[in-house]
Each structure stands twice: as C-alpha cells, then as structure tokens.
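Input: a single structure, listed below in structure tokens.
Just so it is clear, none of the values below were taken in a lab; they were calculated from the coordinates. Just so it is clear, the model here is predicted, and its values are computed rather than measured. Virtual Cβ from ideal backbone geometry, glycine too; neighbours counted across all protein chains shown.
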Amino acid sequence: MSEMAVNGRPLNGSLVTVFGGSGFLGRYVVRALAAQGYRIRVAVRRPQLAGFLRPMGAVGQIEPVQANVRFPDSVAHVMQGSDAVVNLVGILSEGGRQRYDKVHVEGARDVAVAAARIGARLVHVSAIGADAKAASAYARSKADGEAAVLAAKPDAVILRPSLLFGTDDDFFNRFAAMARTSPVVPLVGGGSTRFQPVFVTDVAQVVQKAVDGAAQPGAVYELGGPEVRTFRELMDLTQREIGTTRPYLNLPFGLASFVAGLTQWIPGAPLTSDQVALLRSDNVVSAAAEAEGRVLSAFGITPAALSIVLPSYLWRFRKAGQFTHLEA
C-alpha cells in the first residue's frame, strides 16, 4: 500500500499540535504545515467549528481536537505524541473568562511546560511591541508570556509579527467597511503611530520553517513587511483602494482613551482604552533585530508588499466591486 501523500508530497510522519489553528493566522499555518507533509492536530476550544481546516490536507492529515490553554490538563493531554508544538493563541481585548494573564502568560507557560516534558520543538507566536514596561496591559502580558515560555523551555522559538494583513484580516477589512459607511474615519493620536504590516502567508511560512528547525533555538524574531507606514498612511491607502475620500476625525490620545473607557464594555466596541495605550507606541521591527538578523529575511522569504496584496481583496468594498474604475 503506497504512502499517503498531499500535493505529491508524502506525509512525513511527524505530528505537530497547533494551538489556535482555526484563527486568522492559524488557518494559514495549518495550510503551510500540511503542504510540507506534517500530520496536524489542531487544538481549539470548539473543534466542531474547525472542520473547514480538514480539506487543506489529505484525508486524516488534519484533525481538530478540543483543548483550552486555560486548563493545563487539557493542554498536556492534547500534546501527547507531538514532535512539535505551535502556540498561536492570543486575545486582542479581555472579556469574560478570557483574560490577558490567563491566556498570554499562564496559558503560554503551560504549553511550554508540556512541550518541554515530552521533548517537542516549540514555536510561540507573540507580537511586536511586547514589553514588560509598556503602558498597555496587552503588551505587558505578551512580554510576560515570552519570559514564561523561555523559562520553561529555553530552546523555544519566539516570533513577533507586526500588523498582519491578508484576505480575511481584521484591520484593513474593518476600516474599509468603516470608510464605506461612516461619514468620517477616526484617527487616534492623529494617526501618527507607525506600523510595518506583514503578509499573513509570509508569517505562516516562517512558522513552518521554524517547525522544520530552520530557526535559532531560544531566539526572538521580529517579523515586519517591506514598508513602514503611519496609521494615517494606511487609511489613505485603504481609501484609495476602495475609492472613497472620507474626511478624518483627529482623536487625541487622551480623548480617545476617555471615550474608549466609556464604551469598551459594550459588545462589539471598536476600541478599548488598553488598545489606545497600545497605539502610543510604534509597531515596527527594532533596530536590534535588524542588526542581528532576527527578521523575515533570515528565513529566505521576500515579504509581499501591501500594494500587491490589498487590491486582491479590498475590491469588494468598492461601489461597484471589481468593476469600479479607480483613477491612477
């Protein structure tokens, strides 16, 4: 009986457990790992909602299973037999039992402890801006999570991506929808915060290569795209792509924090006071990471540009969709 294969590549027999594999980055990571022939166990809170991942591989290659990083026993159980582990779990804001310390710190620590116990390679995805002294609780928890991971498993690989963009991202799609329907586009802090958006497929490739063993053990990589843009420049680009010219409403940080503090408890609130604090710091690759080669190019990847990728999915926000004529 011939060995099962996917895309002409035989399954290599190695098992990778991916925590958070059904999320935005997760689905691209699962696809990248499947293309390399890995068997993949996707650990998610609701496996019945992750069935869409199965067709990304051969029959039986990808299996969603139930686990929750807030419960150490479920983490350890689901990792049994794994050769490598990828932790993608993260939250942008707190709500209910989903707290930064529980998810970003304790959950990350428990994944690392379990990975160390079984001798599995660990790739932990954090975020650019992780800083134990940051004003944002989100950024502090990301830094504390990294420290907890490396304390439990010193050879873990830490990846810090900047703002992710791609077909189903939550940034450009959200602001394109806002610019399509709202009379104004708000700019927190005047839109001066700098970002280095990175294509989600490029980051997924880095994760896959780190699982392969191409990353330096114990290293912290910062992943940014080829362009550094301010928030306002990103909004200009978004509006240009969808053919709108909404005026901007400048919201000083103090006012934005006050307004967010009043509305953040409303389900679906667009911004929290902690996210306003996060916007006070730039979200770009550090000079140290560049100098030491702890960046995307270390993996032989040429990052995709915003101008190439954005038109492939923001066209749906144009007045006549793909048939809208945009001035050059």
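Of the residues 12, 242, 307, the one whose Cα sits farthest towards the positive end of the charge dipole of the chain is 242 (charges of +1 on Lys and Arg Cβ, -1 on Asp and Glu Cβ, taken about the Cα centre).
Shown here is the pair-distance distribution of region 62-211: with all Cα-Cα distances grouped in 10 Å bins from zero up to the longest one, the shares run 10, 34, 35, 15, 5, 0 percent. If you plug the beta carbon distance of residue 182 and residue 291 into 1/(1 + (r/R0)^6) with R0 = 30 Å, you get a FRET efficiency near 0.10.
Averaging Cα coordinates gives a centre for region 204-234 and one for region 14-66; these two points are 21 Å apart.
For chymotrypsin sites (Phe, Trp or Tyr not before Pro), the sites in region 249-292 that DSSP calls loop and that have at most 15 other Cβ atoms within 10 Å are 265. The spacing between region 88-164 and region 260-325, judged by their C-alpha centroids, is 20 Å. When shorter helices are ignored and each DSSP H run of at least 4 residues is given -39500 (n - 2.57), the per-residue value for the chain at 222 nm works out to -10000 deg cm²/dmol.
Please find, in a Gaussian network model of the chain (springs between Cα atoms separated by less than 10 Å), the residue of 240, 97, 46 whose mean-square fluctuation is greatest. Largest GNM mean-square fluctuation: 97. Against the chain, whose longest principal axis comes from its Cα atoms, helix 108-118 is set at around 20 degrees. Computed from point charges on the beta carbon alone (+1 for Lys and Arg, -1 for Asp and Glu), the dipole magnitude for region 46-139 about its Cα centre is near 80 Debye.
Across all directions, the average projected area of the convex hull around the alpha carbons of region 1-120 is 7.4 nm².
Across region 96-157, the fraction of Cα-Cα pairs farther apart than 14 Å, rounded to a whole number, is 51%. Select from 183, 226, 303 the residue whose mean-square fluctuation is largest in a Gaussian network model of the chain (Cα-Cα springs shorter than 10 Å). Among 183, 226, 303, the largest mean-square fluctuation in the Gaussian network model of the chain belongs to 183. Mean-square fluctuation check for the chain, GNM, Cα pairs under 10 Å: which of 35, 132, 287 is largest? The residue with the greatest mean-square fluctuation here is 287. Beta bridges per DSSP, both residues in the chain: antiparallel share near 15 percent. Note: relative contact order over the chain, using C-alpha pairs below 8 Å and six or more positions apart, is 16 percent.
For 157, 259, what ranking results if the residue with the fewest other Cβ atoms within 10 Å of its Cβ goes first?
On the way: 157 26, 259 16.
Lowest to highest Cβ neighbour count: 259, 157.
Based on the mean of other beta carbon atoms within 10 Å per residue, what is the order of 204-210, 37-43, most packed first? Provide the component values of the computation, followed by the final result.
Working: 204-210: 23.4, 37-43: 25.0.
Top to bottom by mean Cβ count within 10 Å: 37-43, 204-210.
The peptide list 279-286, 140-147, 161-168, put in order of mean Cβ contacts within 10 Å with the highest first, becomes 140-147, 161-168, 279-286.
Which net charge results for the neighbourhood of residue 294, defined as the other residues with beta-carbon distances under 10 angstrom from its beta-carbon, given Lys and Arg at +1 and Asp and Glu at -1?
Numbers: positive: 160; negative: 222, 290, 292.
Net charge around residue 294: -2.
When all alpha carbon pairs of region 245-328 are counted in 5 Å bins from zero, the resulting P(r) reads 3, 10, 11, 11, 12, 15, 18, 15, 4, 0 %.
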